[in-house]
Amino acid sequence: MRQSKQFRRLAAVLALSGIAILLARPAAEAALCVWRKPDQDIKRFFPGADTYETEYKRPGSRRAAIEQRIGARLDADESEFKFYRILDDGKRVGTILTHLGKGQYGAIEVVVAVDNAGKVKGVGIQRDRERARQALRGKAFLDQFEGKRATDPITIGRDIEPAAKGAEKSSHTVAFSVKKLLVLLDELG
């Protein structure tokens, strides 16, 4: 009787642990950053476009090439990426990608709109906790990325100026996110 009660208790603990693992698992395998305002972003970056389709891409055999091009390893949970293909009357007019980077004061969620030629149409910040928030989200900083391609340096101090004095880390985070997403799009198409 006592053994049966202990067995049931152990089974309950294991079941709860299994549920907790299953609940945590999708978050780890999901894209790092959700696209929070699709309708608003489509209207902003692709005026006239009416919808989008989501494509899932895995780095697979391209992982090493991607890591070499971005100069860093992909995060452990970056096993699948979402490419939001923007459509205008059924015809693809571009792609939107999202990335969550680590800023000085927390996560920075970056949205990058890219045309079919692989050039940045625009960059937006969905969420951040940075002190230089207005400068980081400002037109002067974000417009520097327009027209950039995966082959461009996209480096603070080289071809991109920081958003503000003291905001170098957060500016670097945004620049790295843009570079990484452009390389992913270039490598995985």
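The values are calculated or read from the model by the stated rules, or taken from the named source; none is laboratory data. Quick caveat: nothing in here was measured; it's all calculated off a predicted structure. Ideal geometry is used to build each Cβ from the backbone, glycine not excepted, and the neighbour counts take in all protein chains shown.
Every condition in (1) surrounded by fewer than 17 Cβ atoms within 10 Å (Cβ to Cβ); (2) at pLDDT below 95; (3) not hydrophobic (A, V, I, L, M, F, W, C) is met by Tyr56 except one, and the failing one is (2).
Report whether or not Leu87 is under 21 Å from Glu53 (Cβ atoms) and part of a helix (DSSP H, G or I). Lay out the reasoning, then the answer.
Working: under 21 Å from Glu53 (Cβ atoms): yes; part of a helix (DSSP H, G or I): no.
No; evaluated as a whole, the condition is false for this residue.
Residues in the stretch 28-53 that are among the acidic types (Asp, Glu) and at pLDDT 95 or above were compared, and the one that is nearest to His172 (Cα to Cα) is Asp41. Checking each residue in the stretch 139-157 for being exposed (fewer than 13 other Cβ atoms within 10 Å of the Cβ) and outside any helix (DSSP H, G or I) picks out Glu146, Gly147, Thr151, Pro153, Gly157. The residue of the stretch 82-112 that is nearest to Ser177 (Cα to Cα), among those that are surrounded by fewer than 23 Cβ atoms within 10 Å (Cβ to Cβ) and among the aliphatic types (A, V, I, L, M), is Leu100. Residues in the stretch 158-174 that are free of Cβ contacts under 8 Å to residues at least 24 places away in the same chain and within 20 Å of Arg131 (Cα to Cα) were compared, and the one that is surrounded by the fewest Cβ atoms within 10 Å (Cβ to Cβ) is Lys165. Each residue in the stretch 127-182 was checked for being among the basic types (Lys, Arg) and within 18 Å of the chain's Cα centre (by Cα), and 8 pass.
Considering only the stretch 120-135, I want to know if a residue exists there that is among the aliphatic types (A, V, I, L, M), surrounded by 13 or more Cβ atoms within 10 Å (Cβ to Cβ) and more than 20 Å from Leu184 (Cα to Cα).
Yes, the stretch 120-135 has at least one match.
When we screen Gly94, Gly124 for residues that are in a strand (DSSP E or B), of a type outside the set (A, V, I, L, M, F, W, C) and within 14 Å of the chain's Cα centre (by Cα), the only hit is Gly124. Exactly one residue out of Phe145, Phe141, Phe83 is within 19 Å of Ile156 (Cβ to Cβ), touching an Asp or Glu at 6+ places or on another chain (Cβ under 8 Å) and modelled with pLDDT of 95 or more: that is Phe141.
Beta carbons closer than 7 Å, at least 6 apart along the sequence or on distinct chains, pair a first residue in the stretch 120-139 that is assigned by TED's automatic domain parsing to the domain that holds His99 with a second that is at pLDDT 95 or above and aromatic (Phe, Trp, Tyr) for Val120/Phe145; Lys121/Phe45; Gly122/Phe45; Val123/Phe145; Ala135/Phe141.
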